[in-house]
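> One structure, as structure tokens, below. Some questions next.
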Amino acid sequence: MEQQRTEQGLVVVSENGVGRYGQRVLAGRHELTADEPAPAGEDSGPNPYDLLLAALGSCTSMTVRMYAERKGWPLEKVTVALRHQRVHAEDCAECESGHGLVDLITREIRFDGPLDAEQRRRLLDIAEKCPVHRTLTAGLVVSTTETPSADVRS
């Protein structure tokens, strides 16, 4: 499965030999690095949660940009700041579970440009509709199977 590049829509992650946790991420014609921060890893790239936040943030920004362009609104720049944390469920007003720890992502969006209050409110609504946001909040299912390696013995 090791390829120089992957087909569109396929992401392949493999160890890259940098420390114990360094990863090579191939996504189409793009290559990224992921790692755990020190002292566990070498901090050679973003950690998996940072990559998740990057996916949500970039999707949010792109979705808002597309909508503003379609409407002809004077949106000059979108900036999305995100943070992931594990919090006690009772400290999270939006969380359904009332016990234990839950994952909480906070997302702050800045819209630069001469937008009126209604346009800004609508762009916040649209941010909630970005595809990655919908995936993360819609009851995600992950199906896992094993692909045998060449050295598997019967």
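The values are calculated or read from the model by the stated rules, or taken from the named source; none is laboratory data. Predicted, not measured: the structure shown is a model, and the values here were computed from it. Positions of Cβ are backbone-derived with ideal geometry, glycine not excepted, and every protein chain shown enters the neighbour counts. Remember, those area values only see protein heavy atoms, side chains included, never the ligands or the DNA or RNA. Shrake-Rupley method; radii C 1.70, N 1.55, O 1.52, S 1.80 Å.
> For Asp43, which sequence-distant residues (separation of 5 or more, or a different chain) have an amide H within less than 5 Å of its own amide H, given hydrogens modelled in the peptide plane?
Amide H neighbours of Asp43: Glu36, Ala38.
> Points 7 angstrom from Cα along the Cβ direction at Glu76 and Leu140: gap in nanometres?
3.5 nm
> From the backbone phi of segment 109-119, what are the Karplus-calculated ³J(HN,Hα) couplings (6.51 cos²θ - 1.76 cosθ + 1.60, θ = phi - 60°) in whole Hz, Gly and Pro given as x?
Per-residue couplings from phi come out as 10, 10, 10, 9, x, x, 8, 7, 4, 5, 5 Hz.
> Using the Cβ atoms and a cut-off under 13 Å, what net charge is assigned to the surroundings of Leu56, where Lys and Arg are +1 and Asp and Glu are -1?
Working: positive: Arg83, Arg107, Lys129, Arg134; negative: Asp50, Asp103, Glu108, Glu128.
Residues near Leu56 contribute 0 overall.
> Further question: If you take the beta carbon distance between Met66 and Ile105 as r and set R0 to 25 Å, what does 1/(1 + (r/R0)^6) give as a FRET efficiency, to the nearest 0.05? Walk me through the numbers on the way to the answer.
Values: r = 22 Å, r/R0 = 0.86.
After rounding to 0.05, the efficiency reads 0.70.
> On to the next question. For segment 45-89, just list the percent of Cα-Cα distances falling in each 5 Å bin from zero outward, please.
5, 19, 22, 18, 15, 10, 8, 4, 1
> For the pair Gln8 and Asp50, how long in nm is the line joining their label points, each one 7 Å along Cα→Cβ?
Distance between label points: 3.0 nm.
> Still on this structure: Return the calculated 222 nm mean residue ellipticity for the chain, to the nearest 500 deg cm²/dmol, obtained by summing -39500 (n - 2.57) across DSSP H runs with n ≥ 4 and dividing by the residue count. Walk me through the numbers on the way to the answer.
Working: 3 runs with 42 residues, N = 154.
Computed mean residue ellipticity for the chain: -9000 deg cm²/dmol.
> Let me ask another. FRET efficiency for Glu31 and Asp116, Cβ-Cβ distance as r, R0 = 30 Å, nearest 0.05?
Numbers: r = 42 Å, r/R0 = 1.40.
Between Glu31 and Asp116 the formula returns 0.10.
> Can I ask one more? Using the alpha-carbon centroid of each, what span in Å lies between segment 104-133 and segment 40-57?
If we compute the Cα centre of each part, the gap is 23 Å.
> Another one. Measure nothing but the geometry: give the 0 to 90° angle between the long axis through the Cα atoms of 48-71 and the longest principal axis through the Cα atoms of the chain, rounded to 10°.
Relative to the chain, helix 48-71 is tipped by roughly 40 degrees.
> GNM on the chain, C-alpha springs below 10 Å: top fluctuator among His30, His84, His133?
Answer for the Gaussian network model of the chain: His30.
> Which of Ser58, Ser143, Ser14 moves most in a GNM of the chain, Cα contacts under 10 Å?
Its mean-square fluctuation being the largest, the pick is Ser143.
> To the nearest 20 Debye, how big is the dipole of the chain about its Cα centre, given +1 on the beta carbon of each Lys and Arg and -1 on that of each Asp and Glu?
On the way: 18 positive and 24 negative charges, 125 e Å.
Value, rounded to 20: 600 debye.
> Within segment 1-87, report the trypsin sites (Lys or Arg not before Pro) that DSSP leaves as loop and that have at most 15 other Cβ atoms within 10 Å. Let's see the in-between values first.
Working: sites: Arg5, Arg20, Arg24, Arg29, Arg65, Arg70, Lys71, Lys77, Arg83, Arg86; in loops: Arg5, Arg20, Arg29.
Answer by residue number: Arg5, Arg20, Arg29.
> May I pose another question? Name the GluC sites (Glu not before Pro) in segment 118-154 that are in a loop by DSSP and that have at most 14 other C-beta atoms within 10 Å, would you? Write down the numbers at each step before the final one.
Numbers: sites: Glu118, Glu128, Glu146; in loops: Glu128, Glu146.
Those that pass, being in a loop and sparsely packed, are Glu128, Glu146.
> Heavy atoms only, probe 1.4 Å: what % of the accessible area of segment 2-143 goes to carbon and sulfur, would you let me know?
Numbers: 4930 of 9610 Å².
Carbon with sulfur: 51 percent of the solvent-accessible area.
> On to the next question. At 1.4 Å probe size, with every protein chain present, just tell me what the per residue accessible area of the chain comes to in Å². If you can, show how the numbers build up before the last one.
Numbers: 11090 Å² over 154 residues.
That works out to 72 Å² per residue.
> Something else: Which of Thr33, Thr106, Thr63 moves the most in a Gaussian network model of the chain with Cα springs under 10 Å?
Residue with maximal mean-square fluctuation among Thr33, Thr106, Thr63: Thr106.
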